[in-house]
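Structure first, commentary second.
The values are calculated or read from the model by the stated rules, or taken from the named source; none is laboratory data. These numbers come from a predicted model, not from an experiment. Here the Cβ positions follow ideal geometry from the backbone for every residue, glycine too, while neighbour counts run over all protein chains shown.
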Amino acid sequence: MIPTVHGGTYREWDNPLKGDKSEAKRIVYCAARGEKVDIKGSEVVGGWQQEKNGVWKVIIPNSFFGNYNPYKDSINGDWFENKERIHHTGEVFLNGKSLFKKERLAKVINPVAMNDIKDTPGSLSTWYCESNDNNTTIRANFQNADPTKNLVEITTRKTCFYPDKSNINYITITAFTISQAATQWAAPTAEQVGMISTHWNKGRIIENNIIGDSKCNGITLGKERSTGQNVWSADKDNVNRDGNIHYIEVVFNELRNNWNKETVRSHNVRNNQIFNCEQTGICGSMGAVFSTIENNHIYNIWAKRQFDGADIGGIKFHAPVDVIIKGNNIHDNGRGIWLHLMTQGARVSHNLLYNNAKQDLFVEVNHGPYIVDNNIFLSPQAINNQSGGGAYIQNLIQGVVVIRPDLNRFTPYFLPHSTNVKGLTTIFG
């Protein structure tokens with residue numbers, strides 16, 4: 001079955017009701033050949049009124065947002081660092097470019113450029129919001145632009161393509177432009193929702209798409225909600241237990257929830273352009289097993305740097321069992337590729353990585369075996385290896401290589417080519 005979508009802009013959350021039963025019988029969502037199809041998680045907003053210092057204001061009834069208002073919802077979750085301020089999941093765009101959210105109106109009226117990012121001039125275009133029971137008010141400094149004569153959009157949806165239930169298998173999404181969603185922080189201990197997400201299914205093909213301007217994540221292949229939702233943050237009664245223990249408990253929850261090769265696996269993410277996402281281009285906690293990530297161009301991930309935290313990178317996977325990452329161009333991100341816990345049977349091959357701020361490749365508390373071969377690592381810190389069992393073969397490495405043990409964290413390893421846990425141990429390096 002091939003639902004063909006003709007050219008135009010569709011402002012919607014596509015929630016497929018069914019998938020198909022096998023690789024030979026899959027549902028293909030396809031943009032019509034030669035036609036540009038935009039799927040957006042945003043709406044156009046007019047009615048702007050000018051205030052002082054070039055700041056403009058719009059008052060939006062809360063009914064405009066339906067059952068989800070991103071200007072009341074804030075980013076939160078395990079391992080998220082808010083830099084001591086609130087970050088709403090909403091975003092404001094002028095002619096397709098996002099503005100910088102500020103925590104106080106004074107910083108919109110008198111913006112100060114951020115000199116530690118690439119787009120220093122763009123950081124002067126700012127916005128601030130307030131909400132009450134009836135209305136949401138947004139004030140924005142568009143610099144020299146008149147919002148009544150330009151396109152102003154605000155994000156209004158959590159996602160663009162996401163089935164709200166599991167067992168929606170064997171779906172292909174191809175040749176769309178997908179952008180501007182109010183995505184939430186995707187901790188490995190939480191439901192992971194990007195602009196395109198698999199929701200604990202199998203056999204997804206995501207190919208030949210342009211995916212950009214997500215508040216947090218572009219594509220997520222990861223965890224669903226029932227086995228835990230930010231369990232470390234939610235554990236207020238036992239603060240001495242660290243996050244690693246909470247995550248290991250989630251792993252065993254998923255094993256009891258049929259995390260295996262028959263139910264969750266085998267996605268192919270290929271030939272996509274992914275950019276301007278502030279957490280990850282592609283992430284997945286456990287749900288990416290037995291998948292292939294190939295020939296994607298991933299850049300400008302964590303470019304605005306208004307918040308921080310673990311789980312930021314071009315590609316960030318937990319439990320990439322038998323995952324192949326090959327032929328990708330990954331640059332100008334926080335980290336390039338971050339493989340975290342339970343990397344086993346994985347191969348990182350023929351990728352080009354450069355100009356990433358922290359590392360090109362970070363392999364953290366894995367037992368292997370895994371292979372890293374024929375890659376080009378050109379960032380100042382090329383590799384941070386906090387794992388065992390890796391083979392590094394015929395790579396071109398320009399930057400620093402860090403190798404270290406971790407004797408404090410016990411992490412799982414599996415029987416070969418499966419998700420059946422064989423044991424847990426520390427990392428001797």
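Annotations
- Contact map, the range 9-26: residues that are in the same structural domain as Tyr170 (by TED's automatic domain parsing) and closer than 18 Å to Lys165 by Cβ paired with residues that are surrounded by fewer than 16 Cβ atoms within 10 Å (Cβ to Cβ) and at pLDDT 85 or above, Cβ distance under 6 Å, separation 6+ or inter-chain. Pairs shown: Asn15/Asp164.
- Selection status of Ala391, surrounded by fewer than 20 Cβ atoms within 10 Å (Cβ to Cβ) and either free of Cβ contacts under 8 Å to residues at least 40 places away in the same chain or not assigned by TED's automatic domain parsing to the domain that holds Thr220 (or both): yes
- Any hit, the range 226-235, residues being polar (S, T, N, Q) and closer than 30 Å to His297 by Cβ: no
- Residue-level analysis places Phe176 among those that are of a type in the set (Phe, Trp, Tyr), over 16 Å from the mean Cα position of the chain (by Cα) and surrounded by 24 or more Cβ atoms within 10 Å (Cβ to Cβ).
- Members of the range 194-236 found to be touching a residue at least 24 places away in the same chain (Cβ under 8 Å) and either closer than 11 Å to Gly77 by Cβ or outside the structural domain of Phe290 (by TED's automatic domain parsing) (or both), listed by number: Cys216, Gln229, Asn230, Val231, Trp232, Ser233
- When the range 317-331 is filtered for residues that are within 13 Å of Arg265 (Cα to Cα) and not in a strand (DSSP E or B), the ones remaining, listed by number, are Ala319, Pro320, Asp322, Val323.
- The residue that is farthest from the chain's Cα centre (by Cα), among those in the range 406-423 that are aliphatic (A, V, I, L, M) and assigned to a strand (DSSP E or B), is Leu407.
- For the range 181-233, residues that are more than 17 Å from Ile168 (Cβ to Cβ) and among the acidic types (Asp, Glu) total 2.
- Number of residues in the range 48-88 that are over 21 Å from Phe142 (Cβ atoms) and part of a loop (DSSP other than H, G, I, E, B): the value is 16.
- Cβ-Cβ contacts under 6 Å between residues 6 or more apart (or on different chains), taken from a first residue in the range 145-170 that is farther than 14 Å from Glu43 by Cα to a second residue that is surrounded by fewer than 22 Cβ atoms within 10 Å (Cβ to Cβ) and basic (Lys, Arg), are listed as Tyr170/Arg26.
- Those residues of the range 87-116 which are over 24 Å from Gly54 (Cβ atoms) and surrounded by fewer than 13 Cβ atoms within 10 Å (Cβ to Cβ), in sequence order: Asp116
- Counting only strands (runs of 3 or more DSSP E) that sit completely within the range 255-310, those holding 1 or more residues that are assigned by TED's automatic domain parsing to the domain that holds Gly212, in contact with a strand residue (DSSP E or B) (Cβ under 7 Å, 6 or more places away or on another chain) and among the hydroxyl-bearing types (Ser, Thr, Tyr) correspond to 280-285, 292-294, 297-301.
- Test: residue in the range 36-46 that is exposed (fewer than 13 other Cβ atoms within 10 Å of the Cβ) and within 18 Å of Leu99 (Cα to Cα): yes
- Residues that are acidic (Asp, Glu), closer than 16 Å to Asn135 by Cα and assigned to a loop (DSSP other than H, G, I, E, B) do not occur anywhere in the range 26-43.
- Matching residues in the range 197-249 - criterion: being buried (at least 24 other Cβ atoms within 10 Å of the Cβ) and β-branched (Val, Ile, Thr): Thr198, Ile206, Ile211, Ile219, Thr220
- One residue alone among Val401, Val372 is without any contact (Cβ under 8 Å) to a residue 24 or more places away in the chain and assigned to a strand (DSSP E or B), and that residue is Val401.
- Between Gly334, Gly314, the distinction of being outside any strand (DSSP E or B) and in contact (Cβ under 8 Å) with a residue 24 or more places away in the chain belongs to Gly334 only.
- Residue pairs meeting the criteria (Cβ under 6 Å; at least 6 apart or on separate chains; first closer than 15 Å to Val363 by Cβ, in the range 405-422; second part of a strand (DSSP E or B) and among the β-branched types (Val, Ile, Thr)): Pro405/Ile427; Asp406/Ile427
- Test for Val108: is it more than 21 Å from Thr183 (Cα to Cα) and assigned to a loop (DSSP other than H, G, I, E, B): no
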